[in-house]
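Here, each number is a calculation from the coordinates, and none is a lab measurement. Since the model is a prediction, treat every value here as computed from it, not as a measurement. Every residue, glycine among them, receives a Cβ derived from its backbone with ideal geometry; neighbour counts consider all protein chains shown.
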Amino acid sequence: MARRGGPALYELLGSAREGEGRARTAPRRNALFETAHLRTLLVWVVVIAAVIAALSAAYVLGARRGGRDETLESPSGQNLPLNAGSDAARVSENSPVAAPTTAELVPSVTASTSTTLALPKAADGVDPRQQGLHYFVLASTLEPNAVRLVAFCRERGLDAYVVPDHNGRLREVTVLPGFELSERSGPVIKQLEERIRQVGVLWKASGPGNSDFGDRYHKLFKKG
């Protein structure tokens, strides 16, 4: 028989059981919530790591491409850095530099001499030298060789002549114009020497044993 003014016994037992059920369920819900939260956090960590890895890969690829763009291909097929000119400028002036070979000089010399008009054949036996002037002498050789050399020079615009040598058997190949000794370092004679050098490169390349006129000299012309 139930007590008056209070809950019945079975009601109290039911409330106690419900309270006990809630107490048991609460930790499970908290554990599930924490597990879901941890999973979400792990997903974000993975996403952020993937983004960082992608950005790093893009940076490395761009740097490699940039490095390749900073090189130029030289005529010989070698890759040279764009700043090769500035690096070369740092080379000491005392560093040994190989002189250009005849084969390297011939194309440029040919181009520079191709615009020069050929001179007509020199008259036989004519000596155009003037008393008291200096003249460059390219060679002292036998007359057939001298004639061939003069023809070669005149075809390339160099005013050369065959003149007598102090040795009766030989002939000199001399070049006009003549000049006073005081004019030796002037621009006109410097241009003449450069012209001789250019033709000399071609003469040497034209046959074995030919010189490049590097041993040329000048001497004063005196009659008698």
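Add +1 for every Lys or Arg and -1 for every Asp or Glu among the other residues with Cβ under 12 Å from the Cβ of Gln198, and state the total.
Numbers: positive: Arg156, Arg195, Arg197, Lys204; negative: Glu193, Glu194, Asp212.
Local net charge: +1.
Under the classification rounded if a/c is under 1.5, otherwise prolate if a/b is larger than b/c and oblate if not, where does region 129-224 fall, given a ≥ b ≥ c as square roots of the Cα gyration tensor eigenvalues?
oblate
As a proxy for reagent exposure, ranking Ser182, Ser140 by other Cβ atoms within 10 Å from fewest up yields Ser182, Ser140. Sorting the segments 118-130, 141-153, 187-199 by their residues' average number of neighbouring beta-carbon atoms within 10 angstrom, most packed first, yields 141-153, 187-199, 118-130.
Could you compute the net charge surrounding Lys121? Neighbours are other residues with a C-beta less than 15 Å from the C-beta of Lys121; K and R count +1, D and E count -1.
Result for the neighbourhood of Lys121: 0.
At full extension, Leu142 and Ala54 could sit 23.5 nm farther apart than now, given 0.36 nm per residue minus the alpha carbon distance. Tally Lys/Arg at +1 and Asp/Glu at -1 over every other residue whose Cβ is under 13 Å from the Cβ of Val162; what's the total? In short, -1. Legend: calculated FRET efficiency, Glu155 to Leu181, from the Cβ-Cβ distance at R0 = 41 Å, rounded to 0.05, equals 0.85.
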